[in-house]
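K.L.:
Input: one structure, supplied below.
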Amino acid sequence: MRHLFSAAESLITTHRTHRTLGWWMWRATLVSLLCLLLWDASGLDVWVMQHIASPAGFELTNNYWLSAVLHTGARNAAVVVIVCLWLLALVWPSNAHPQLGRRVQRVWLLLGVALSLMLISTLKALCGVSCPWELSQFGGTAAYVSHWRFCVADNGSGGCFPGGHVSSAFGYVALLPGFLMAAEAPIRSRARMALFALMVIGLALGLAQTLRGAHYPSHTLWTAWLCWGSAWAWYVLGEWLQVKRLRYPQKKTAHAQAGHIYTPDAADEEDNVALDQLRNL
């Protein structure tokens, strides 16, 4: 019982914070989704592109700063960052720097980033929507098809939705939910600053792609929302697994080492009820 309460102490101290911040996070997710749906319904994607391009195409498609720096350069930088983070997660000893967390925690966070990137890549591979620079009205051969008609061919190369390039910034949002929900205000403050920085970088990369004709504005916004949703889903799964791990930890380990099948007894059920009560404080 003592072990249970000790292990659950962090859950107790953060529960009120979770109830308040969780309320805002989920509502922010739903409000942003509503705004995205309204944007799609407004038809502003094509209107924006018509004010950037001409019938001959997009003048900034091959602009050095947009193409070489904000596209290729940013993509290469993202690869370097993710490789360094994986090395840090796998190689750095768990007890060398407690602020970095245990190895399993670091790997879990990076798996969340990988999940976001895989989600965007998979959707792009399945999508039949082509990029704006392929539209016939901008000198290409494709017809405009909304991304809501996901698998409809438009006489172009397809694979343009959602924006993959901006996921090199938005994907790292998966590192932040646990810090955004922390009980300590300084940690939450730093996490919000990191979130703001990632949003600014992602939107800047998305703007560069829009000016080049590579993506509609909505492609960037949907990537941000999908990465945000994926990050929170991964965080909730991690919290659920953590609570599952807190149930009967000592006896499960002892029985497993002895090769026995573990069956909870009355005392364990009492601990289980106590943990549920703590979670509902």
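K.L.:
Of the residues that sit in region 124-138 and are part of a loop (DSSP other than H, G, I, E, B) and in contact with a Phe, Trp or Tyr (Cβ under 8 Å, 6 or more places away or on another chain), which one is nearest to R212 (Cα to Cα)?
P.N.:
Step by step, filter region 124-138, then rank; the result is V129.
K.L.:
Here's something else I'd like to know. Show the residue pairs meeting these rules: Cβ distance below 6 Å; 6+ apart or different chains; first residue within region 166-177 and under 15 Å from V83 (Cβ atoms); second residue crowded, with 24+ Cβ neighbours inside 10 Å and basic (K, R).
P.N.:
Hits for this filter: zero, empty list.
K.L.:
For K244, are the conditions met, namely being touching an Asp or Glu at 6+ places or on another chain (Cβ under 8 Å), at pLDDT below 95 and surrounded by fewer than 19 Cβ atoms within 10 Å (Cβ to Cβ)?
P.N.:
No, not satisfied.
K.L.:
Among (1) touching a Lys or Arg at 6+ places or on another chain (Cβ under 9 Å); (2) of a type outside the set (D, E); (3) not in a loop (DSSP other than H, G, I, E, B), which single condition is S121 missing?
P.N.:
(1)
K.L.:
Then there's this: Restricting to region 176-200, name every residue that is modelled with pLDDT of 95 or more and crowded, with 18+ Cβ neighbours inside 10 Å.
P.N.:
Of everything in region 176-200, those that are modelled with pLDDT of 95 or more and crowded, with 18+ Cβ neighbours inside 10 Å turn out to be L195, L198.
K.L.:
Kindly establish whether V107 is in a helix (DSSP H, G or I), at pLDDT below 95, exposed (fewer than 11 other Cβ atoms within 10 Å of the Cβ) and out of contact with any Gly (no Cβ under 9 Å at 6 or more places or on another chain).
P.N.:
Against the criterion (in a helix (DSSP H, G or I), at pLDDT below 95, exposed (fewer than 11 other Cβ atoms within 10 Å of the Cβ) and out of contact with any Gly (no Cβ under 9 Å at 6 or more places or on another chain)), V107 does not qualify.
K.L.:
Counting just the residues of region 191-238 that are among the hydroxyl-bearing types (S, T, Y) and within 16 Å of L117 (Cβ to Cβ), which one comes out nearest to the chain's Cα centre (by Cα)?
P.N.:
My answer is S230.
K.L.:
Considering region 82-103 alone, what residues qualify as being modelled with pLDDT of 75 or more and either touching a helix residue (DSSP H, G or I) at 6+ places or on another chain (Cβ under 8 Å) or not assigned by TED's automatic domain parsing to the domain that holds A204 (or both)?
P.N.:
Correct list: I82, L85, W86, L88, A89, L90, R103.
Here's the yes/no breakdown for (1) modelled with pLDDT under 85; (2) in contact with a helix residue (DSSP H, G or I) (Cβ under 8 Å, 6 or more places away or on another chain); (3) among the basic types (K, R):
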| site | (1), (2), (3) |
| --- | --- |
| A8 | yes, yes, no |
| W23 | yes, no, no |
| A28 | no, no, no |
| C35 | no, no, no |
| D45 | no, yes, no |
| F58 | no, yes, no |
| T61 | no, yes, no |
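K.L.:
Quick check: anything in region 226-241 buried (at least 18 other Cβ atoms within 10 Å of the Cβ) and without any contact (Cβ under 8 Å) to a residue 60 or more places away in the chain?
P.N.:
No, because not a single residue in region 226-241 is buried (at least 18 other Cβ atoms within 10 Å of the Cβ) and without any contact (Cβ under 8 Å) to a residue 60 or more places away in the chain.
The values are calculated or read from the model by the stated rules, or taken from the named source; none is laboratory data. Please read these numbers as outputs of a predicted model, since none were measured by experiment. No Cβ is skipped: glycine too gets one built from the backbone with ideal geometry, and neighbour counts run over all protein chains shown.
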